[in-house]
Amino acid sequence: MLRLRYHHLNCIPGFEGKGYSPEFCGNMADIKKRIESGEEYELVLCADDICRACPNLQNGVCVNEAKVGKYDLKTKMLGSGNIEKICSDCMWFDICKNK
């Protein structure tokens, strides 16, 4: 079963092939396709299957953990899709807000 950070529920709908690295983009595209085809997933508050290909993952922890951890908690409390309140300071926000 896939493991997804809560805040990645906000990222997946807006993903359009841009990201931190080619490896990250390929992994994200694959996971987005799997979720959209109905694959089950477990929500987590730590590094997940999307993070595994991210260059910001160091020793199993995101270098921006304080920031993304807040995104996770806000998503858990507010639900996904409310990106203005959850992650408006994210570097990818301008892409996601138009989806």
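The values are calculated or read from the model by the stated rules, or taken from the named source; none is laboratory data. Bear in mind the structure is a predicted one, so any value in this text is a computation, not a measurement. Note that we place each Cβ from the backbone using ideal geometry, even for glycine, and neighbour counts take in every protein chain shown.
In the set (1) over 14 Å from Ile12 (Cα atoms); (2) at pLDDT 95 or above, the condition left unmet by Cys54 is number (2).
Which residues, counting only those in the stretch 45-57, are of a type in the set (A, V, I, L, M, F, W, C), crowded, with 16+ Cβ neighbours inside 10 Å and in contact with a strand residue (DSSP E or B) (Cβ under 8 Å, 6 or more places away or on another chain)?
Just the residues of the stretch 45-57 that are of a type in the set (A, V, I, L, M, F, W, C), to begin with: 45-47, 50-51, 53-54, 57.
Adding the requirement that they be crowded, with 16+ Cβ neighbours inside 10 Å leaves 47, 50-51, 53-54, 57.
Residues satisfying the conditions are Ala47, Ile50, Cys51, Cys54.
Number of residues in the stretch 9-21 that are within 13 Å of Lys74 (Cβ to Cβ) and not polar (S, T, N, Q): the value is 1. The one condition from (1) under 18 Å from Arg3 (Cα atoms); (2) modelled with pLDDT of 95 or more; (3) not hydrophobic (A, V, I, L, M, F, W, C) that Lys67 does not meet is (1). Every test in (1) part of a loop (DSSP other than H, G, I, E, B); (2) in contact with a helix residue (DSSP H, G or I) (Cβ under 8 Å, 6 or more places away or on another chain) is passed by Pro13 save one, and that test is (1).
Residues that are small (Gly, Ala, Ser), surrounded by 15 or more Cβ atoms within 10 Å (Cβ to Cβ) and either under 16 Å from Cys54 (Cβ atoms) or free of Cβ contacts under 8 Å to residues at least 40 places away in the same chain (or both) within the stretch 64-94 comprise just one, Gly69.
Scan the stretch 1-55 for residues that are among the basic types (Lys, Arg) and more than 13 Å from the chain's Cα centre (by Cα) and jot them down. Correct list: Lys33, Arg34. Output yes when any residue across the stretch 41-60 is among the hydroxyl-bearing types (Ser, Thr, Tyr), closer than 20 Å to Leu2 by Cα, in contact with a helix residue (DSSP H, G or I) (Cβ under 7 Å, 6 or more places away or on another chain) and assigned to a loop (DSSP other than H, G, I, E, B), and no when none is. Within the stretch 41-60, not a single residue is among the hydroxyl-bearing types (Ser, Thr, Tyr), closer than 20 Å to Leu2 by Cα, in contact with a helix residue (DSSP H, G or I) (Cβ under 7 Å, 6 or more places away or on another chain) and assigned to a loop (DSSP other than H, G, I, E, B). Among the residues of this structure, Ala29 does not count as one that is of a type outside the set (Ser, Thr, Tyr), without any contact (Cβ under 8 Å) to a residue 60 or more places away in the chain and surrounded by 17 or more Cβ atoms within 10 Å (Cβ to Cβ).
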